[in-house]
Amino acid sequence: MATVDGDGGARSRRGLTQARGRLARALRSIDDRSLQYFRAAFDAGSIRGAAEAMGVAPSVVSRAVRAIELNLGVPLLERGRRGIRATVAGELLAQHAQERWRLDERLIEELSAVEGGERGIVRFAIGEGFIAATFRTRAARFLATHPNVTLHAETAGTEQMLERLGAGELDLALAFSPRLTPALDCLAEAATPVFAVMHKGHAFAGAERLPLSAFADVPCALQLTRYGTRRAIEQAEWLGGFRLRKQVESNSIALLLEFAREGSGVTFLPRFAIHGIDGGLATVALADGPLVGARSMLLKKRGRALGAAAQLFAADITAMMARLGRMDEAH
C-alpha cells in the first residue's frame with residue numbers, strides 16, 4: 001500500500017537543509033591556523049608531535065582541535081594509548097584541508113601568471129584594413145610568445161568600436177580616424193593618410209597628388225558611414241562643397257578593392273589597407289586636410305585598468321603602428 005509523504009517528510013527535508021547550512025557556516029568559520037594545527041595532529045598521530053612540528057605548546061593544538069570539533073558538532077580525533085586516530089569525520093576534514101591548500105597554491109600561481117602577463121584574456125577590436133598591414137602575422141608572433149594568453153579579436157567599424165569601448169566590452173580598439181571623447185584614452189597613434197585607389201590603367205593613376213574633388217564625376221566605392229574613412233571623406237566633401245558619385249557602399253574592403261581592380265571606378269583607403277596586395281592597383285595621394293591628416297589610434301576606455309596581458313599586447317600593437325606611419329612616409 002502506497003504512503004503519502006506529508007508534513008513529516010517536509011519537516012525532514014527542512015531539517016536536513018538546516019543541518020547542511022549549519023555545517024557550511026561552521027566550516028567557513030574555521031580559521032586557517034586552526035586547520036593547520038588539526039592537520040599537523042592528523043599527520044603526526046599525536047598532539048605532542050603536532051606541537052613540536054608547529055613550534056607551539058601541546059595545549060594550543062588541543063584547544064584548536066577541540067574548537068573545530070565543537071563548531072562542526074562531530075569528533076575528529078580519538079585518543080588512545082598509542083596516540084590519536086582520526087574518525088571518519090577527521091579523515092574527511094584532513095582531505096578537505098589538503099585540497100583547500102592545493103587550490104590556494106594553484107590560485108596563487110595563476111594570479112602571479114596573470115600579473116606577469118603570462119596568462120589572461122585580451123578583448124580587442126580592429127578595423128579590417130589593419131589586418132593586411134601584417135597584423136595577422138604580428139598577432140601570431142605575440143600568441144606564440146605568450147601561449148597562455150587568449151586573444152578575443154573581432155573586426156568592427158570605428159563607431160561600433162567606440163560604443164563597445166564605452167560600454168566596457170573591450171580592453172583595446174585599433175581604430176581609423178576616430179572621434180576622440182573625454183571617455184577615451186589614446187595609447188598610441190600614427191599618421192595614416194587616405195589615398196585614392198584605382199586600376200593602374202586609370203587616367204589619374206600617374207598623378208602624384210590630387211584633391212578629392214578631382215574624383216567628383218568618377219564612380220566611387222565607399223565604406224559605410226560608421227567607418228572612419230567615410231567620415232574623413234565626408235568632412236573633405238563638406239569643406240570642398242561637392243559630393244562624390246557613390247556607386248557602391250560596403251563594409252567589405254575586399255569588395256571595394258575589387259571595384260577598383262576591375263576598372264569600375266575609384267575607392268579611398270589608407271594605404272596600409274592594401275599593403276601586400278598586388279592586383280594591378282595604383283594609389284594617388286590626396287590633398288584635402290581631413291584625408292592628409294587622418295590618424296589611426298589605439299584606444300581604451302578612460303579609467304579602465306588594463307591587465308598585464310593587455311598591456312603587453314598594447315605595446316606590441318604600438319610597435320606595429322609605428323610601421324604603419326612609415327609606410328605612408330615612404331610614398
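What follows is calculated from the coordinates using simple rules that are stated; it is not laboratory data. These figures come from a predicted structure and were not determined experimentally. Please note: Cβ atoms are built from the backbone with ideal geometry, for glycine as well, and neighbour counts cover all protein chains shown.
Please list 73-85, 261-273 highest first by mean number of surrounding beta-carbon atoms within 10 Å per residue. Before the final figure, lay out the partial values.
On the way: 73-85: 13.8, 261-273: 22.2.
Packing proxy ranking, top to bottom: 261-273, 73-85.
Shape verdict for region 19-114, please, from the Cα gyration tensor: rounded (a/c under 1.5), prolate (a/b greater than b/c) or oblate. Can you show the working numbers first?
Values: a/c = 2.06, a/b = 1.34, b/c = 1.53.
Oblate is the answer for region 19-114, as a/c is 1.5 or above yet b/c matches or exceeds a/b.
Model label points for Asp32 and Thr150, set 7 angstrom from Cα along the Cα-to-Cβ axis, are 2.7 nm apart.
Label positions at Ala315 and Ile121, each projected 7 Å from the Cα along the C-beta direction, are separated by 2.4 nm.
Work through the residues other than Arg85 whose Cβ is under 12 Å from its Cβ and net out their charges, Lys, Arg +1 and Asp, Glu -1. Before the final figure, lay out each step's value.
Working: positive: Arg79, Arg81, Arg82; negative: Glu78, Glu91.
Charge balance in the 12 Å sphere: +1.
In this rough spin-label picture, where each label sits 7 Å from Cα along the Cβ direction, the Val88-Glu262 distance is 7.9 nm. Hydrophobic, long helices, defined as DSSP H runs whose alpha-carbon span along the helix axis is 24 Å or greater and whose mean Kyte-Doolittle value is at least -0.5, occur in the chain at 88-115, 308-329.
Multiplying the sequence separation of Arg25 and Ala167 by 0.36 nm and subtracting their Cα-Cα distance, what value in nm do you get?
On the way: separation 142, 0.36 × 142 = 51.12 nm, distance 3.80 nm.
Once the chain is fully extended between Arg25 and Ala167, it gains 47.3 nm.
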